[in-house]
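The values are calculated or read from the model by the stated rules, or taken from the named source; none is laboratory data. As the structure is a prediction and not an experimental result, all values here were calculated from the model. Cβ atoms come from the backbone with ideal geometry, glycine included; neighbour counts cover every protein chain shown.
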Ligand code: NBG
């Protein structure tokens, strides 16, 4: 087709950025896409029209980007991730397009309720927590630093569950985010690939007499692509998020249908569609379910087939595949890519082992996101054999060649061979996905300096000794577009005014310019006013949602993240109960008024995490209803912590709780979001906290607790929490109070599993850090009473957060791991 030259008039109405064209486009979209006129339009219609208006502008940039990348045959990053926790698109896309103000004016002239339109958007919660949100930040930064990239993943029909709190307990509700339609995606029904499961393999001789293997799967499903454009900030670059939906090859098994077995006929369809139906709601520990392995293989196979299609279209052959694509494996979830790429290159495209292996290894790179042993994925060999028989053969062959190398290198060291093997032979034989990813990748990275060091010395130690040159650190980062400009516009305006330009939005190191003004009383006052306004917004929202409105004058002490014992929400609870007792004993005690706010979901099957939520609410009920106490202290649980609610929370926090047991939190990214928004951190030396503290200055960070080496040492010596319990009368009283039933209407059994666990096991050393934490909180309390100094520290925190922009992380990946150059798209 010959695309006609676009006249100015068309340019303007469909994709122009002036107020007039935005208005015209909006009305057109309401009419011709939604089929509505204003008098009968629902909130959703009004939102959809806005979304389509913005999407048209994105697609124009996407087409320009795709054309340019194709013409230049640009090296492309393919980010493989089972999770993307995107958050609402509309406001973010308007910021990246630079049209927020003009769109607001256009909306006013059309008599639209702009805030209501933004609120109507339902976020795609296609991830659990940090790992999925990191992938979303990286998509934003890849586009912003102008690197051609495709994010590949799964289009889950149901994302992470919505959380309600009923009687203090978490109740899960299914997330029907697609119910009202998803205006951001473009379905590509013709972009579809077959994905096999089960069956058997057979050897045969091809036309040239070579022995080859063919896989005859038992079942085939189809993966259909759905594309979401991801626009960079202030640039034309628009990348693609390509998510796969599983479908049955044919909607009916006609034979079954004809003999009257209607339900049997649709069974296959249901089975195929199940694959992309729902996100596994576990954060760290792996679920180990067959369906999850199916999901992993499904999206990896579609993605690699898509890349091969692209490369064949451009080059006609696959010999330079690794020059065209850099694949990043986001944790072990997509690690099967190593075996699948081998299979596609050899079995489908006729390549020999050595060449296929060379390409595979040079294409793939692997990020590890956790040190928790229970979260390291392994799959039973028997399950693999049943589901992916050909892949198991390939894995065995990779392993055979790999272990030969190891044996030559470490003569006679059989233990090491067993430790390095891709197969865990102790007990039920299992495939170690981290080992597969490590062997099949040219770079292996951790997500914070401490984490990478611990990787090298613990879980990946043997690999580090084997290939030290493959190990790298890339400290995580977060996007300042979403987590400052979109979520905290008042702060963004104040920073821009103070720095004299908005360059910081694309070059976060420019925040340093704030430092010169940190002592300036005028700025401090405005800074505080911005914080207070955000606190008022949050208080109002909490009031409407929970019936309890906190006092914005009090210190907002916030811990928001998945609920997990290693993150130690219960350490904060012990402090709260300690404060409660202090106040009860001395009602005229001098204390800074505090509102402790928790947010976070618990994995539905994680009993202890759910009990912690119940305890937070139970303590809140007692504390908030005790007039003797509630002038000093309030406790509130924010229900349904997700990206949208996070955006309300980060700007409003005074104190950010990052109190995991040292050595357990790989990086953390919430820590960065809070600090960017001027919260001071109370934290352990864990994950990226270490680097944040170094960046903001030790005086501007409340550090406490055992360090990672101290934790290790204490554990080696034999940790006995009951001794701490016995020796510390205040701690004992706190735990006894929880166990007594005071917070559970006299039920002395309810929280017993939690208190017993602390006293007799305490795997995350809550008791060992209790005293240090309480002392540190006292320092926080004192600091809060000197508001000018607090404001100064707050300004310095924001000013020094430059290194934690995900733009910096992406540039490091691009230079050190992917060797990929920016390709600017101007518009
Ligand atoms: C999480 C870590 C966090 C880290 C994010 C992103 C998993 C498996 N890991 O500390 O717990 O910030 O990954 O790297 O979800």
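Yes/no matrix, rows are residues, columns are (1) modelled with pLDDT under 95; (2) closer than 23 Å to residue 15 by Cβ; (3) within 16 Å of the ligand (Cβ to nearest atom):
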| residue | (1), (2), (3) |
| --- | --- |
| 44 | no, no, no |
| 49 | no, yes, no |
| 52 | no, yes, no |
| 55 | no, yes, no |
| 68 | no, yes, no |
| 87 | no, no, yes |
| 102 | no, yes, no |
| 131 | no, no, yes |
| 139 | no, yes, yes |
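Does residue 305 meet the test of being within 18 Å of residue 151 (Cβ to Cβ), within 16 Å of the ligand (Cβ to nearest atom) and out of contact with any helix residue (DSSP H, G or I) (no Cβ under 6 Å at 6 or more places or on another chain)? Give the steps one after another, and end with the answer.
Details: within 18 Å of residue 151 (Cβ to Cβ): yes; within 16 Å of the ligand (Cβ to nearest atom): no; out of contact with any helix residue (DSSP H, G or I) (no Cβ under 6 Å at 6 or more places or on another chain): yes.
Answer is no for this residue.
Find the strands (runs of 3 or more DSSP E) located wholly in region 429-489 whose residues include 2 or more that are away from the ligand (no atom under 16 Å from the Cβ), and list them. So that I can check it myself, show each step before the final result.
Working: elements: 430-432, 443-446, 471-473.
Fully inside region 429-489 and qualifying: 430-432.
Of all residues in region 733-790, count the ones that are under 30 Å from the mean Cα position of the chain (by Cα) and at positive phi.
2
When region 742-759 is examined, which residues are found to be touching a residue at least 40 places away in the same chain (Cβ under 8 Å) and under 21 Å from residue 606 (Cβ atoms)?
As a first pass, look at region 742-759 and keep what is touching a residue at least 40 places away in the same chain (Cβ under 8 Å): 742-744, 750-751, 753-754, 757-758.
If the condition is that a residue be touching a residue at least 40 places away in the same chain (Cβ under 8 Å) and under 21 Å from residue 606 (Cβ atoms), then 743, 744, 750, 751, 753, 754, 757, 758 are the ones that fit.
Test each condition in (1) closer than 20 Å to residue 806 by Cα; (2) without any contact (Cβ under 8 Å) to a residue 24 or more places away in the chain for residue 104 and report the one that comes out false.
Only one criterion in (1) closer than 20 Å to residue 806 by Cα; (2) without any contact (Cβ under 8 Å) to a residue 24 or more places away in the chain is unmet by residue 104, namely (1).
Looking for something more than 14 Å from residue 307 (Cβ to Cβ), crowded, with 20+ Cβ neighbours inside 10 Å and more than 26 Å from the chain's Cα centre (by Cα) - is there at least one such residue anywhere in region 353-369?
Looking for residues that are more than 14 Å from residue 307 (Cβ to Cβ), crowded, with 20+ Cβ neighbours inside 10 Å and more than 26 Å from the chain's Cα centre (by Cα), one finds at least one in region 353-369, hence yes.
Sort out which residues of region 108-129 are in a helix (DSSP H, G or I) and either free of Cβ contacts under 8 Å to residues at least 12 places away in the same chain or within 14 Å of the ligand (Cβ to nearest atom) (or both), and write them in order of number. Explain how you work it out, then say what you get.
Filtering region 108-129 down to residues in a helix (DSSP H, G or I) leaves 108-109, 114-120.
Hits for region 108-129 are 108, 114, 115, 119.
Given the criteria within 16 Å of the ligand (Cβ to nearest atom), part of a helix (DSSP H, G or I) and either in contact (Cβ under 8 Å) with a residue 40 or more places away in the chain or under 30 Å from residue 801 (Cβ atoms) (or both), does residue 391 qualify?
On the way: within 16 Å of the ligand (Cβ to nearest atom): no; part of a helix (DSSP H, G or I): yes; either in contact (Cβ under 8 Å) with a residue 40 or more places away in the chain or under 30 Å from residue 801 (Cβ atoms) (or both): yes.
The answer is no for residue 391.
With a cut-off of at least 3 residues that are out of contact with any helix residue (DSSP H, G or I) (no Cβ under 9 Å at 6 or more places or on another chain), name the helices (runs of 4 or more DSSP H) lying wholly within region 721-814. Break it down into steps so the answer makes sense when it comes.
Values: elements: 721-727, 729-740, 752-760, 766-784, 787-799, 806-812.
Helices (runs of 4 or more DSSP H) meeting the threshold: 766-784.
Select from region 322-331 the residues that are touching a residue at least 60 places away in the same chain (Cβ under 8 Å) and either within 13 Å of residue 295 (Cα to Cα) or more than 16 Å from the ligand (Cβ to nearest atom) (or both) and list them in ascending order. Spell out the reasoning first.
Narrowing region 322-331 to residues touching a residue at least 60 places away in the same chain (Cβ under 8 Å): 323-331.
Correct list: 323, 324, 325, 326, 327.
Considering region 197-230 alone, what residues qualify as being out of contact with any helix residue (DSSP H, G or I) (no Cβ under 8 Å at 6 or more places or on another chain) and under 25 Å from residue 151 (Cβ atoms)? Before you say what the answer is, go through the steps one by one.
Applying the first criterion (out of contact with any helix residue (DSSP H, G or I) (no Cβ under 8 Å at 6 or more places or on another chain)) to region 197-230 yields 202-211, 216-218, 220, 224, 226-228.
Correct list: 224, 226, 227, 228.
Hey, can you tell me all the residues within region 579-605 that are under 22 Å from residue 767 (Cα atoms) and surrounded by fewer than 21 Cβ atoms within 10 Å (Cβ to Cβ)?
581, 582, 583
Scan region 351-388 for residues that are more than 18 Å from residue 213 (Cα to Cα) and part of a loop (DSSP other than H, G, I, E, B) and jot them down. Can you show your working first?
Taking region 351-388 and keeping what is more than 18 Å from residue 213 (Cα to Cα), we get 358-383.
368, 369, 370, 371, 372, 376, 377 - these are the residues of region 351-388 that are more than 18 Å from residue 213 (Cα to Cα) and part of a loop (DSSP other than H, G, I, E, B).
Please work out if residue 71 is under 20 Å from residue 229 (Cβ atoms) and either assigned to a loop (DSSP other than H, G, I, E, B) or free of Cβ contacts under 8 Å to residues at least 24 places away in the same chain (or both).
On the way: under 20 Å from residue 229 (Cβ atoms): yes; either assigned to a loop (DSSP other than H, G, I, E, B) or free of Cβ contacts under 8 Å to residues at least 24 places away in the same chain (or both): yes.
Taking the combined requirement at face value, the residue satisfies it.
Please verify whether residue 501 is more than 16 Å from the ligand (Cβ to nearest atom), surrounded by 23 or more Cβ atoms within 10 Å (Cβ to Cβ) and not in a helix (DSSP H, G or I), treating the condition exactly as stated.
Numbers: more than 16 Å from the ligand (Cβ to nearest atom): yes; surrounded by 23 or more Cβ atoms within 10 Å (Cβ to Cβ): no; not in a helix (DSSP H, G or I): yes.
When the stated conditions are applied, residue 501 does not pass them.
Kindly indicate the residue of region 456-485 that is over 20 Å from the mean Cα position of the chain (by Cα) and in contact (Cβ under 8 Å) with a residue 60 or more places away in the chain and also farthest from residue 648 (Cα to Cα) among those meeting that condition. Let's see the steps before the verdict.
So in region 456-485, the residues over 20 Å from the mean Cα position of the chain (by Cα) come out as 456-472.
Adding the requirement that they be in contact (Cβ under 8 Å) with a residue 60 or more places away in the chain leaves 458-460, 466, 472.
Working: 458: 38, 459: 37, 460: 38, 466: 46, 472: 35 Å.
So, considering only residues that are over 20 Å from the mean Cα position of the chain (by Cα) and in contact (Cβ under 8 Å) with a residue 60 or more places away in the chain, the one farthest from residue 648 (Cα to Cα) is 466.
Can you pull out the residues in region 659-688 that are more than 23 Å from residue 376 (Cα to Cα), within 13 Å of the ligand (Cβ to nearest atom) and in contact (Cβ under 8 Å) with a residue 24 or more places away in the chain?
672, 673, 683, 684, listed by residue number.
Restricting to region 316-341, and then to whatever is over 12 Å from residue 296 (Cα atoms) and assigned to a strand (DSSP E or B), can you tell me which residue is farthest from the chain's Cα centre (by Cα)?
Result: 325.
Residue-by-condition table, conditions (1) modelled with pLDDT of 90 or more; (2) surrounded by fewer than 22 Cβ atoms within 10 Å (Cβ to Cβ); (3) touching a strand residue (DSSP E or B) at 6+ places or on another chain (Cβ under 7 Å):
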{"position": "263", "(1), (2), (3)": "no, yes, no"}
{"position": "276", "(1), (2), (3)": "yes, no, yes"}
{"position": "285", "(1), (2), (3)": "no, yes, no"}
{"position": "309", "(1), (2), (3)": "yes, yes, no"}
{"position": "329", "(1), (2), (3)": "yes, no, yes"}
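What residue, of 149, 164, is more than 16 Å from the ligand (Cβ to nearest atom) and out of contact with any helix residue (DSSP H, G or I) (no Cβ under 9 Å at 6 or more places or on another chain)?
Of 149, 164, the one residue that is more than 16 Å from the ligand (Cβ to nearest atom) and out of contact with any helix residue (DSSP H, G or I) (no Cβ under 9 Å at 6 or more places or on another chain) is 164.
Return only the number of the condition from (1) within 16 Å of the ligand (Cβ to nearest atom); (2) over 24 Å from residue 172 (Cβ atoms) that residue 642 does not satisfy.
Answer for residue 642: the failing condition is (2).
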